[in-house]
Structure formats: C-alpha cells, structure tokens
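The values are calculated or read from the model by the stated rules, or taken from the named source; none is laboratory data. Being a predicted model, the structure only gives us computed values, none of them experimental. Cβ placement follows ideal geometry from the backbone for every residue including glycine, while neighbour counts extend to all protein chains displayed. Quick note on the areas: whole protein, heavy atoms, side chains included, nothing else; ligands and nucleic acids left out. Shrake-Rupley method; radii C 1.70, N 1.55, O 1.52, S 1.80 Å.
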Amino acid sequence: AIQEKQQAKAAWKTAPVVSGGWNTGSIYLGTIGFNEALYPYTMGRLSDDTKNRYTSFVDNLKSADATVLYYAVDNAIDVLHNSMYPEDIQDIAIITFTDGLDEGSIMLTDKYEEEADYLDAISYRLASSKIGGLPISSYTIAMRGNVAASNLERFRNDLKKIASSDENATEFANMEEVSVKFEEL
C-alpha cells in the first residue's frame, strides 16, 4: 500500500497543467479525485466538449476507505501556483467536495508530524496565497459520511479551516443540494 501511495504521489507531481492558449473570459477547471491517493485530471478550458470529459472522469472515480483531504487541498494550491493564467484573470477558486475526515494525509508528506499542524498549514496557505495578485477563494462542500459522523465537531472544523470563510463551508444532506450549490458557485 505504501508503494502504491508513493507511485500516486509521483504521478501527481508530474501531472500536466495548462501552459498557454488561454481565452479571455473563459472558465478553466482542474480536478483532483482523492481517497487514499490523488487522481489528477489536467487543468483546461471548460467547454461543452471538456465538460463531458470532466464529468466522465469524476463518474469513474472509485471510493475507498481513506480520505487524503489535506493532501488533496495542499496539492491543489501547488497546481494553482504552478499554472499559467491570462493577464486579465478575475477569480481563483478551490472547491473541495468531501464526505469524511482526513485519514492518511500525514503519511504522504514528511513536513508535518501531526494532522492538526498539516490542517493549520493548509489554512494558512489558503489565506496567504495569491495567484495573479488575487486571493484564493476556497469552498468546502460536504456530505457527512459514517466516519465524519463519528467526530462531527472535527469534521465541521476541518470544513471551515479549508474554506476561505465560515460561510464558504457548507454541509448537505443529499446530492441534489450539492448540485444546487455547485451551480451557484
């Protein structure tokens, strides 16, 4: 299992990002699936054609017991910092969907000894990072899974710490509510 995690980590670090061809006024999207590892999908311009590819990618993700939530957000920040953008960029956002507590992120990095330290570092990065001179707007959208239900206080705290404001951390009971929130964002 450790070797699989190291391979997934190496694959993520070499995942391509968009490096040109930006269209003014367009929306660009990157996706990272996560459970016990990260599953990146290249950042690119959202269009009718690419929307279907992103949807297919998400639909084909498999659930697993672990949730490397902190590691996924940390790597999403890295992708934003390492990507190129048009000069007239207007907004930068990370939208995190989860159903559980972080389980395993600390094993994928040697920077932190405690989960709480990793969460604090991510919260700080989100609050202090600028992309093209703009702050990152971070949203968490969550459906409480069984593990999260066992420690509801920690679950809700995590959601708030990886959101750029308490109002950006939302918890829903069903996928219809999630879809409405995603359309709103």
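Coupling constants for the range 71-83 follow from the phi torsions by the Karplus curve (6.51 cos²θ - 1.76 cosθ + 1.60, θ = phi - 60°), and in residue order they are 4, 5, 5, 4, 6, 4, 5, 4, 4, 4, 5, 9, 9 Hz; glycine and proline get x. Note on N174 and S26: the model spin-label points, each 7 Å out from Cα along the C-beta direction, lie 3.7 nm apart. The portion of the accessible surface of the range 78-156 made up by carbon and sulfur, rounded to a whole percent, is 47 (1.4 Å probe; DNA, RNA and ligands excluded).
Dividing the Cα radius of gyration of the range 66-157 by its Kirkwood radius returns 1.00 for Rg/Rh.
Simple spin-label estimate for D110 and D49 gives 4.4 nm between the two label positions (7 Å along the Cα-to-Cβ direction from each Cα).
Each label was represented as a point 7 Å from its Cα along the Cα-to-Cβ direction; for L152 and D166 these points are 1.7 nm apart. In this Cβ point-charge picture (+1 for Lys and Arg, -1 for Asp and Glu), the range 135-185 has a dipole of about 280 debye about its Cα centre.
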